[in-house]
Amino acid sequence: MTETSDLMPPKKGTAYYHLPGLFEFYDLYCVFLPLYRKHREYFYDWCEIGSLYGAPADCIWGGGRIGAQDCNPQASLALTRKYGISARLTFSNFLLREEHLSDAKCNALCRLFEESSQPQNGVIVHSELLLSYLQRTYPGLYLVSSTTKVLTDFRDFERELSRGAFRYVVPDFRLNKAFAQLDALSEQQKAKVEFLCNECCWFGCRDRKQCYEAVSRKVLGEDGPEHPCTAPNAAEGYRFSKAMENPGFIGIHDIVNTYLPMGFAHFKIEGRGLGSALMLEFLLYYLTKPEYQLRVREAIYLDNMLDLF
């Protein structure tokens, strides 16, 4: 018997996924997005792809993860425009100084993304210095408050939501299940929340900011200590199965049965540095009906132009 999804249609709204790998997984999306459009029946009708995000490796404004080594920004933008998907630059380095704002490559990318305005593109940002610069210089780009701020105090999160500069705010994953406080937010505030769904980081970690700081410093090419992860089983690296056991994990049943009825619509999937094979598993789990997952997996695996491993 063919397995079918047991998810009931949501009572309210559509879930918008913000997916990693705008540059990093370009080849994967070149195969997946045509399949997503041609066979929409393979995928849940309560969700859409809201954006793809990422950054090239040599962008000093980057910070959340080391970006893609080889990429073609024009090709990535052409792909997102073709499918009506917003593209976001991940510029979350929070150690930037005034002299970094004149970086030619990062400015060129912002100009390119601002000019390609259908649909509107955005920037994920942490640095207040960069935020002010982007507002002045590229007003056509919308802005997203980065999860690298590690907003674990709900009062800080609410203050961030109140800032008019941001279209979306990504809280730390440890606020994902603060349901009483989340439900008390206004409709306008709820519309700005973008939950990080599949974080694998240890729920009890207190060094998350230091980890992001080490990456920001490395992107700038500055000397500094490597951040040693002290989380239990850190040597295993990212495991989706482990992420699913995280107290902050948001699965598809949570989205349909809890978050959408509460008025939340935006969900971020992490994974820029994890490889396209694992990214495919995220696409299968979050977007694809169980009875069609094998068909999607076969279509991806059997594409001769794509190397997932």
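The values are calculated or read from the model by the stated rules, or taken from the named source; none is laboratory data. Model, not experiment: these values are computed from the prediction. So basically every Cβ, Gly included, is an ideal-geometry build from the backbone, and we count neighbours across all protein chains shown. These area figures cover heavy atoms from the full protein model, side chains too; ligands, DNA and RNA do not enter into them. Shrake-Rupley method; radii C 1.70, N 1.55, O 1.52, S 1.80 Å.
Backbone amide hydrogens, once placed in the peptide plane, bring L196 within less than 5 Å of K268, excluding anything fewer than 5 places away on its chain. Using a cutoff of 8 angstrom between alpha carbon atoms and counting only pairs six or more residues apart, the relative contact order for segment 56-181 works out to 21 percent. Of the listed residues T80, T14, the order by accessible area with a 1.4 Å probe, largest first, is T14, T80. Taking amide hydrogens as placed 1.01 Å from N in the peptide plane, the amide H of I49 sits under 5 Å from those of Y17, each at least 5 positions away in sequence or on another chain. Under a 5 Å amide H cut-off, with hydrogens placed 1.01 Å from N, I124 pairs with L89, T90, F91, V144 among residues at least 5 apart or on other chains. Largest first and in whole Å, the equivalent-ellipsoid semi-axes of segment 151-192 read 15, 12, 8, each the square root of five times a Cα gyration tensor eigenvalue. Rounded to the nearest 20 debye, the dipole magnitude of segment 81-124 is 260 debye, with +1 charges on Lys and Arg beta carbons, -1 on Asp and Glu beta carbons, and the Cα centre as origin.
For D58, what accessible area in Å² do you get when you roll a 1.4 Å probe over the heavy atoms of the protein chains, rounding to the nearest 10? Spelled out: D58, probe radius 1.4 Å, area about 100 Å².
Of the peptides 166-176, 99-109, the order by per-residue mean of other Cβ atoms within 10 Å, starting with the highest, comes out as 166-176, 99-109. Taking all protein chains together and a 1.4 Å probe, the residues R163, R81 rank R81, R163 from largest to smallest accessible area. Three semi-axes describe the equivalent ellipsoid of segment 43-164; taken as square roots of 5 times the Cα gyration tensor eigenvalues and ordered largest first, they are 22, 20, 14 Å. Working note: Karplus 6.51/-1.76/1.60 with θ = phi - 60° gives segment 84-90 the couplings x, 10, 5, 10, 10, 8, 8 Hz, where Gly and Pro are set to x.
Across the alpha-carbon atoms of segment 111-194, the computed radius of gyration and Dmax are 13.6, 42 angstrom. Taking the charge dipole of segment 251-308 about its Cα centre, with +1 at Lys and Arg Cβ atoms and -1 at Asp and Glu Cβ atoms, the residue from F264, Y286, S276 reaching farthest to the positive side is F264.
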